[in-house]
Amino acid sequence: MIKTILPATSLKGVISLPPDKSISQRAAIFSLLHEGISEIRNYSQAEDPQSALSCVEQLGAEVEQDGNTIRIKGTGRNGIKNPVKDLDCGNSGTAMRLLSGVVVGVGIQARLCGDESLSSRTMTRIIEPLEAMGAHVSARNSKTAPLLISRSEALKPMDFELPIPSAQLKSCILLAGLFGEEETKVVEKIPSRDHTERLLGLSIEEENGAKIISSSLQDTIPNQSYTIPGDFSAAAFWLVAGCIVPNSEIRLQGMGLNPTRNALLGILQEMGADITIENERMEGTEPVGDVVVRTSDLKATEIPKHKIPNCIDELPILAVAMLFAEGTSEISGAEELRHKETDRIMAIAEMLKVVGANFKEKEDGLIIQGDPEFTFNSATFKSFHDHRIAMASAILALKGNSGSQTLDAECAAVSYPGFWDDLKALQY
Ligand code: S3P
């Protein structure tokens, strides 16, 4: 699908954000582990959470959908079944990595597969520690999906220091650890999103500035009955669009404000963004608020390595903000961005090249020369079948001086099926 986006003179309106993708998938997986019924309100209809849901069904959960509310009858840790078919994780790295942890913990045999993009992403980061816990994992070229996972020896709980700040890796190991008599401990020196710890209520200690999270069979799995907050990573597109398009005022209802996820908010505010947060509250274990963003004069910024995990998914749209900010901006220490749904440093660079921006691609980031008056003639953007690149290019297209196109625009549905309708609604 090709989407044509016209230049915008104003964006005004109220957006009901799509439910958080990371939290939805965890809620589905943790409901399987809970023996009994969980009721998840506002479960995401996006492709990744739907993939996670069908995997969970194959592992024995009974799922009933009633609009955006789902009821899941979980099997508990003891009742999880051998899947008869492949667990198809679609485009979802979160589903593949978290479910691999569950499969190893239970000790069943399962084959996990995914689409072309997921099948090209490295799984070595989970394969090595899961093998150390007693699993046998066979992977294509020993690194990529499909993964055939089994375990013939006893589960070996372990102490594991995260070599990279990855919430998927952290969650994978903690989920396997939930099946061990002895504790598994994960040491996290650089914080990554903490939804797993929050939703499972896992025990956390602090030691020399590091966080140590433990899991074992002794942990009770709470039911997952709550409302999923609005996705901060989806809100990010409107936060930036509201700043860079003239005469704009966008209200975002029920936006997730988890402090391990929302660095973009502080970054934009430091750049001069007019963003106000109202009505802060808790939805289950997660903080949320309503947010208003208005047209702003942005100034350049530098994003160092330690901030990257907290804004990793927002970097494509942050690069767009940087292009319209006065001065030279720089993103450093973001080499992990090359291992997402596509190589996102390359994809951002392609997007900037198409509009004739003044920028430099680095191995670990980008240097972008911003200009509040920057504009370009109609452009054709490749999405690389990556939802976040498709949506970032659409926001950039609003600043052209004639219509632009985004190719393979349907991939936005991986996290935000209503994106194109919401974009249209804000322009009228
Ligand atoms: C996610 C963690 C992050 C993020 C991804 C979702 C999660 O990935 O980029 O979109 O749900 O845990 P990594 O754990 O690979 O950093």
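In table form, for the structure just shown:
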item: Cβ-derived FRET efficiency at R0 45 Å, residue 332 paired with residue 64, nearest 0.05; result: 0.45
item: Table column - 3J(HN,Hα) (Hz), segment 176-187, Karplus curve with 6.51, -1.76, 1.60, x for Gly and Pro; result: 4, x, 4, 9, x, 4, 8, 6, 9, 10, 10, 9
item: Cα centroid of segment 18-89 to Cα centroid of segment 344-409, whole Å; result: 35 Å
item: Three-way shape label, segment 288-388, alpha-carbon gyration tensor, a/c 1.5; result: rounded
item: Cα-based equivalent ellipsoid of segment 133-254: semi-axis lengths in Å, sorted from largest, via gyration tensor; result: 35, 19, 15
item: Rounded if a/c under 1.5, otherwise prolate or oblate - segment 230-367, Cα gyration tensor axes; result: oblate
item: Average Cα contact separation per residue, segment 21-222, under 8 Å, 6 or more apart, as relative contact order %; result: 17 percent
item: Protection proxy ranking, peptides 273-282, 228-237, 339-348, 88-97, average beta carbon neighbours within 10 Å, highest first; result: 228-237, 88-97, 339-348, 273-282
item: Whole-angstrom gap from segment 250-326 to segment 202-223, using each part's C-alpha centre; result: 28 Å
item: Longest to shortest principal axis, alpha-carbon extents of segment 1-93, angstrom; result: 57, 26, 20
item: Magnitude of the charge dipole, the chain, Cβ model with Lys/Arg +1 and Asp/Glu -1, debye to 20; result: 600 debye
item: Expected 222 nm ellipticity per residue - DSSP helices of 4 or more, -39500 (n - 2.57), all of the chain, to 500; result: -9000 deg cm²/dmol
item: Reachable lysines from residue 353, criterion Cα separation under 28 angstrom, eight or more residues apart if same chain; result: 3, 299, 305, 307, 340, 362, 382, 399, 424
item: Hz values of 3J(HN,Hα) by residue in segment 108-117 - Karplus curve (6.51, -1.76, 1.60), Gly and Pro given as x; result: 8, 9, 8, 10, 10, 10, x, 6, 4, 5
item: Distance cut-off 43 Å, percentage of C-alpha pairs in the chain lying past it; result: 11 percent
item: Spin-label pair residue 9/residue 299, simplified geometry with 7 Å Cα→Cβ offset, distance in nm; result: 3.2 nm
item: Segment 295-414, relative contact order in percent, only Cα pairs under 8 angstrom and at least six apart counted; result: 24 percent
item: Approximate spin-label separation residue 410-residue 128, in nm, with each point projected 7 Å along Cα-to-Cβ; result: 3.8 nm
item: Cα gyration tensor shape of segment 21-222, rounded if a/c is under 1.5, else prolate or oblate by comparing a/b with b/c; result: rounded
item: Label-point separation in nm, residue 377 to residue 35, each point 7 Å along Cα→Cβ; result: 6.9 nm
item: Whole-number percent relative contact order across the chain, with pairs defined as alpha carbons under 8 Å at least 6 apart; result: 18 percent
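Only the coordinates and a few stated rules stand behind these numbers; no lab work does. Since this is a predicted model, take the numbers as computed values, not measurements. Cβ: placed from backbone, ideal geometry, glycine included. Neighbour counts: every protein chain shown.
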